[in-house]
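Structure first, commentary second.
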Amino acid sequence: MSILYTARTALTALALWCAASLPVAALELIMVEEHGCIWCARWNAEIAPIYPKTEEGERAPLRRVDRFEPVPDDLTFARRVIFTPTFVLMRDGQEVGRIEGYPGEDFFWDLLERMILDADTKKGEG
């Protein structure tokens with residue numbers, strides 16, 4: 001594990017701890033996937049086993065949605081999902097952020113952290 005990864009992890013934990021002191025909104029990370037998607041498989045191998053054990057996983061639990069199934073009634077996407085995997089951060093069923101594709105482990109964590117922090121900032125403004 002690199003020093004950069006360890007430092008980023010510590011900063012992420014601190015940022016999420018600070019955000020936890022704000023009023024908690026119901027965040028959920030939706031993974032839109034499809035059978036045979038190699039990038040979905042890569043995310044499943046690299047991230048899925050640890051995701052629920054992370055600060056991000058506790059803050060925004062993962063929910064999987066098949067790209068070819070109807071969108072669940074309790075979710076509202078800002079726009080149609082085209083690529084898999086697509087990770088959509090939801091607050092109370094409304095989209096507040098999106099990662100299209102799987103950019104690799106390091107980029108994924110950074111982008112997710114930024115989305116969660118942005119969602120908390122926007123909630124404070126609204």
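The sole residue among Val81, Val96, Val71 that is in a strand (DSSP E or B) and surrounded by 13 or more Cβ atoms within 10 Å (Cβ to Cβ) is Val96. Pairs linking a residue in region 60-77 that is over 21 Å from Arg114 (Cα atoms) to a residue that is of a type in the set (Ser, Thr, Tyr), with Cβ atoms under 7 Å and 6 or more positions apart or on different chains, are Arg67/Thr84.
Being buried (at least 16 other Cβ atoms within 10 Å of the Cβ), of a type in the set (Asp, Glu) and at pLDDT 95 or above is a property that Glu28 has.
Among the residues of region 26-44, the one identified as of a type in the set (Asp, Glu) and in a loop (DSSP other than H, G, I, E, B) is Glu34. A Cβ distance below 8 Å, combined with a sequence gap of six or more or placement on separate chains, defines the contacts here; from region 83-111, residues that are under 14 Å from Lys122 (Cβ atoms) reach residues that are modelled with pLDDT under 95 and not hydrophobic (A, V, I, L, M, F, W, C) in the pairs Arg91/Lys123; Val96/Asp118; Val96/Lys122; Gly97/Asp118.
So for region 52-59 (the condition being of a type in the set (D, E, K, R), over 19 Å from Pro103 (Cα atoms), touching a residue at least 12 places away in the same chain (Cβ under 8 Å) and assigned to a strand (DSSP E or B)), does at least one residue qualify? Among the residues of region 52-59, not one is of a type in the set (D, E, K, R), over 19 Å from Pro103 (Cα atoms), touching a residue at least 12 places away in the same chain (Cβ under 8 Å) and assigned to a strand (DSSP E or B), which makes the answer no. Per the listing Lys122, Lys53, the residue uniquely at pLDDT 95 or above and more than 19 Å from Trp39 (Cα to Cα) is Lys53.
The values are calculated or read from the model by the stated rules, or taken from the named source; none is laboratory data. Note that the coordinates shown come from a computational prediction; the quantities given were computed from them, not determined experimentally. Reconstructed Cβ throughout: ideal geometry from the backbone, glycine too, with neighbour counts over all protein chains shown.
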